[in-house]
There are 2 protein chains.
Amino acid sequence: MPSAVAPIKHSPLVNGLNSAALLEIIDAVKADPEIAKFNFHLTNKWLGGEKTRSIVKEFTGALQTHRADAKGFVLDSGEPPVLLGEDTAPNSGEWLLHTLVSCLTTTIVYHAAARGIAIESIESQIEGDIDLRGFLGVAADVRKGYSALRVRMRVRTKAEAATIENLASYSPMLEVVSASVPVSLKIETY
Amino acid sequence: MPSAVAPIKHSPLVNGLNSAALLEIIDAVKADPEIAKFNFHLTNKWLGGEKTRSIVKEFTGALQTHRADAKGFVLDSGEPPVLLGEDTAPNSGEWLLHTLVSCLTTTIVYHAAARGIAIESIESQIEGDIDLRGFLGVAADVRKGYSALRVRMRVRTKAEAATIENLASYSPMLEVVSASVPVSLKIETY
């Protein structure tokens, strides 16, 4: 079993990731920043009423196109009956929560792998407050999006909570969201 | 066929939505702002390597708890091989694109319904540029999240593009994202 402080070169698989390949990526983008440029894209179609569907296939990055021949992933959105829908899929507010928490988790795991920090498990809760008067346009002083987001993460690792918090701070989607919405991030390790 | 300018009261189903119920909701939150307060939440678990899974069930809003007895939706995230994953699900950057475009589409449809504007179809493309040197922590001056997002929407409707753009401006997730990322939104009607 790899130690939590083992040097990377002695632990190629850390947290289920090929940490040697991760370090190679880091070296490659230092040598040629063009490799780090990615473009993600997808198409979306309104399906009537509250329903929309996205198809995500290829993307570009590391100087190549990827997934060009893939069937792609189908991403649905809906609304619950209280918001006039049939509850066939999460709504975009819920998708944002998934976006942020999955990004935080993945960021922690990747940055831990790069540092040789073993993570045993991560379990999280995320919630957001939203006042629909903003969306409905009935109160100009009420914001349309979330007014607050709160995340609680329980991380099984030998590392300190402060260390994991520092890893989480590299999360791309945390940066996107936290500029406009206060995000409370509480991390407990055990 | 309802006219695009028919008064709401004469067109209870607009764009597949119960527009009369939508106007009732607007009146209700004007009378009691507490009805407009929603809280969405979900749990997420790391599945090893690049994979995470969220389960989204109940939420609160309109002074009630909803979906408490539902099985819930399962939301997966992954990474492609170039980012050391097995490509079993979209990554969080792709989920953000779905979040934003589905919110824009739904917002247009709901606000159009409230105004009696018929929408026949909406098809969209969304893309985002991201320089992974920010995420990887190898360049302090490079942002971690998207540096730019571009959305193109083709909307089949008798309304003007400027009218649809105004409806889209109520999008909660556009507000969340556009505070930190420049969002180019191009809407064409036909």
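The values are calculated or read from the model by the stated rules, or taken from the named source; none is laboratory data. As the structure is a computational prediction, the values presented were derived from the model and not from experiment. Note: ideal-geometry Cβ built from the backbone for every residue, glycine included; neighbour counts use all protein chains shown. With ligands, DNA and RNA removed, areas are computed over all heavy atoms of the protein, side chains included. Shrake-Rupley method; radii C 1.70, N 1.55, O 1.52, S 1.80 Å.
Within the range A:116-146, being surrounded by fewer than 16 Cβ atoms within 10 Å (Cβ to Cβ) and more than 7 Å from chain B (Cβ to nearest Cβ) holds for A:Glu120, A:Ala139, A:Ala140, A:Asp141. In the range B:15-41, the residues that are among the hydroxyl-bearing types (Ser, Thr, Tyr) reach residues that are outside any strand (DSSP E or B) with C-beta atoms within less than 8 angstrom, at least six apart or across chains, in these pairs: B:Ser19/B:Ile8; B:Ser19/B:Ser11; B:Ser19/B:Pro12; B:Ser19/B:Ala113; B:Ser19/B:Ala114; B:Ser19/B:Gly116. The number of residues in the range B:49-102 being under 21 Å from the mean Cα position of the chain (by Cα), closer than 20 Å to A:Glu123 by Cα and more than 7 Å from chain A (Cβ to nearest Cβ) comes to 10. Look at A:Ala161 and say whether it is away from chain B (no Cβ under 11 Å) and open to solvent by less than 60 Å² (accessible area, probe 1.4 Å). Considered against the rule, which asks whether it is away from chain B (no Cβ under 11 Å) and open to solvent by less than 60 Å² (accessible area, probe 1.4 Å), A:Ala161 comes out as yes.
From the list A:Leu149, A:Leu167, A:Leu174, the one residue that fits, being under 19 Å from the mean Cα position of the chain (by Cα), closer than 16 Å to B:His41 by Cβ and not β-branched (Val, Ile, Thr), is A:Leu149. Of the residues in the range B:93-108, none is among the small types (Gly, Ala, Ser) and over 20 Å from B:Val176 (Cα atoms).
Selection of the range B:169-186 for residues being over 11 Å from A:Lys144 (Cβ atoms) and either among the hydroxyl-bearing types (Ser, Thr, Tyr) or open to solvent by less than 30 Å² (accessible area, probe 1.4 Å) (or both) yields B:Val177, B:Ser180, B:Val181, B:Ser184. Assigned to a strand (DSSP E or B) and closer than 23 Å to A:Tyr110 by Cβ: is that true of B:Gly145 in this structure? Against the criterion (assigned to a strand (DSSP E or B) and closer than 23 Å to A:Tyr110 by Cβ), B:Gly145 does not qualify. Could you list all residues from the range B:34-72 that are surrounded by fewer than 20 Cβ atoms within 10 Å (Cβ to Cβ) and either in a loop (DSSP other than H, G, I, E, B) or in contact with a His (Cβ under 9 Å, 6 or more places away or on another chain) (or both)? The answer is B:Lys57, B:Glu58, B:Thr60, B:Ala62, B:Leu63, B:Arg67, B:Ala68, B:Asp69, B:Ala70, B:Lys71, B:Gly72.
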